[in-house]
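Okay, so here's the structure we're looking at.
The values are calculated or read from the model by the stated rules, or taken from the named source; none is laboratory data. Please read all numbers here as calculations on a predicted model, not as lab measurements. Cβ sites come from the backbone with ideal geometry, for glycine too, and all protein chains shown count toward neighbours.
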Amino acid sequence: MTGRLKSVFRHIFARFAALERPHKRFVSVISDALFVLFSLWAAFSLRYETLFRFDAPAYWVLFAVTAGATIFLFARLGLYRAVIRYLSERALVTVLAGITGSALILIATAFVLQVAMPRSVPFLYGALAFLFVTGTRFSVRTVLNRPRHLSKMPVLIVGAGETGLQLASALSQGIEYRPVAFISLEPDNHSTTINALPVYDLGHARKAVHKHQAERILLAIDERAVVDRRQLLSDLEDLPVPVQTVPSVTELVTGQARISDVRDLAIDDLLGRDPVRYRNEEVAESLSGKVVMVTGAGGSIGSELCRQILRQEPAGLVLFEQSEFALYSTERELHTICENEELEIPIHPLLGSVTHRRRCECVMRGFGVNIVYHAAAYKHVPLVEQNVVEGVQNNVFGTWYAAESAIAAGVEQFVLISTDKAVRPTNVMGASKRLAELVLQGLARRQRHTVFSMVRFGNVLGSSGSVVPLFREQIRSGGPVTVTHPDITRYFMTIPEASQLVLQAGTMGEGGEVFVLDMGEPVRIADLARRMIHLMGLTEKSEDNPRGDIEVVFSGLRPGEKLYEELLIGDNPQGTAHPRIMKARESDMDWASLEELLEQLMLASRGFDCERVVELLRVAHTGYQPNDGVCDLVWRNGGDEVLHMSDGANVSETLRRIFE
């Protein structure tokens, strides 16, 4: 019998849902009129404690006027324009206003018609009418939305604070996810309910996943909450569902994202530690009212530097980039930030290469640049190893030319973005960056007007060439995840952290210093890969678990790659005003010796003598100890024929001889 009733009701609601809009409104008007009449009759019956009888014609008029006036008020208030399937709680206010007006009209009509009506009847009538009118609408909405609601993916929300509540509300209105429970980080909240959803503590997360058949876990932790990220991820890592997160408060405020924009775990979540903070007041004071230039403005670090610099309200921002598309993308994003945050800061997008000295100097002079952040560099170890000359030209001579241009243009500060691979390098990229540091140290000793400083940090998670985007792509495509060596470790930073450190160094530099971030313990790359596999709801395929989803494959160290990276050459770092930033003044070269080395390096690179380039990097004070031979692709494919090209005639003759 119960099954037949359910079938009948489903058929009725299906017929109602299939009606056209005018017909649905007509049904709503008729049902509301009947509910109003019934509520008024029930109010009289409850008051008199007996079934009310219409013993006078005036009562018929009273009932008719009240019902007609109520329908008129509902129509004027827009109740019949609302789509029941998407009815919100604001409809309660609309119905309450209509019922209140209806009760007042009831009182006035009874007074005019001289009908005997106890004073409690309008209150009883209003309560009953409100209950019937709202109750039927929300019941119909629930029945109509139930199939769509059940078709959405069930998710657990980690975080029962303000962010978690906002996320649950947004997802309930969406079409993709259905929140089924909260996971609270406070044990006292266990076995309570929030917004009609059950709350579990973190220790019962696995039980909640199975009980509610959740297919995903969403992190929605309040930004100010004190959370042990490493322990939280460790607790969630073993659950059989993927873990994702929601945008930060900053992204929500600037309009870059919505609360319902679910995404893979943020980089700092994967890192498992709190991000490094910098003193915004000092940075703002150093940048406010200054014209700032960022070289390599379209890169990962360069573009983030531009975002953070823009919010310090400089007098102008010069974007210097050789990639047209990267420059266009960065400029467009920065203009959007200015519009959203109502900033009026001139942004100057300029195409150019730091290897063109006159172009750099003209730009700095033309815009009156006060501060330069030099982020332009080739940083991918294997690629630079296979393109030796271009790596040296861009990283060494590009830095030298940009620095000389800054001196000539009267720039106040010049900050170089360096790398931990510059410490006892085993590859051309690291050696070229260490030589770039030596160039700035030499220039800092040669003159005093422009303050040169360097910032050295580890791998940047999320940048182009970073392992995190690569691992994500490999996991989504079914694997395997490739790691070079089971014991390889790296220091890691996020892009915002690296950019913050660079800006902070600009406020502390006095000339020739190398600033280094205390980055804690290095991270094992294989462990990071396994954590990503587990947090994406998959299992590792191995000898112990042959039925796993994703296999981790070790491909071997690449040319020039080390197992371990270091941040300091010496052993006596000095502290700074920032608790997480250290300062090292490392061994350098006098400018005369350095200039002679640069001239020899220039001749070798122009002659495409890769062996000579590598040898000069080795004999310089870079600490370069290559663990492979020359890996340059052109050199290995006949480029060693092109030696000592001192003029165009020699170049033409050699090329003619090669291609004959």
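Of all residues in the range 482-499, count the ones that are under 22 Å from Met454 (Cα atoms), of a type outside the set (A, V, I, L, M, F, W, C) and modelled with pLDDT under 80.
Of the residues in the range 482-499, 5 are under 22 Å from Met454 (Cα atoms), of a type outside the set (A, V, I, L, M, F, W, C) and modelled with pLDDT under 80.
Can you list the helices (runs of 4 or more DSSP H) lying wholly within the range 362-472 that have 3 or more residues being crowded, with 24+ Cβ neighbours inside 10 Å?
388-392, 398-408, 428-446
Since Ala529 meets every condition but one in (1) under 20 Å from Gln231 (Cα atoms); (2) modelled with pLDDT of 80 or more; (3) surrounded by fewer than 18 Cβ atoms within 10 Å (Cβ to Cβ), which condition does it not meet?
Unmet condition: (3).
Quick one: which residue in Ser499, Ser477 is under 23 Å from Val294 (Cα atoms) and either crowded, with 24+ Cβ neighbours inside 10 Å or without any contact (Cβ under 8 Å) to a residue 40 or more places away in the chain (or both)?
From the options Ser499, Ser477, the qualifying one is Ser499.
I'd like the full set of residues that are in a helix (DSSP H, G or I), of a type in the set (Gly, Ala, Ser) and within 41 Å of the chain's Cα centre (by Cα), limited to the range 592-639.
Residue satisfying the conditions is Ser605 alone.
Looking for something surrounded by 19 or more Cβ atoms within 10 Å (Cβ to Cβ) and in a helix (DSSP H, G or I) - is there at least one such residue anywhere in the range 313-321?
Scanning the range 313-321 turns up no residue that is surrounded by 19 or more Cβ atoms within 10 Å (Cβ to Cβ) and in a helix (DSSP H, G or I).
With respect to Glu390, determine if the residue is acidic (Asp, Glu) and touching a Cys at 6+ places or on another chain (Cβ under 9 Å). Walk me through how you get there before you give the answer.
Details: acidic (Asp, Glu): yes; touching a Cys at 6+ places or on another chain (Cβ under 9 Å): no.
Criteria not met by Glu390.
Quick grid of which residues meet (1) in the same structural domain as His212 (by TED's automatic domain parsing); (2) modelled with pLDDT of 75 or more; (3) more than 30 Å from Lys24 (Cα to Cα):
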| position | (1), (2), (3) |
| --- | --- |
| Pro118 | no, yes, yes |
| Tyr125 | no, yes, no |
| Phe138 | no, no, no |
| Val143 | no, no, no |
| Leu165 | yes, yes, yes |
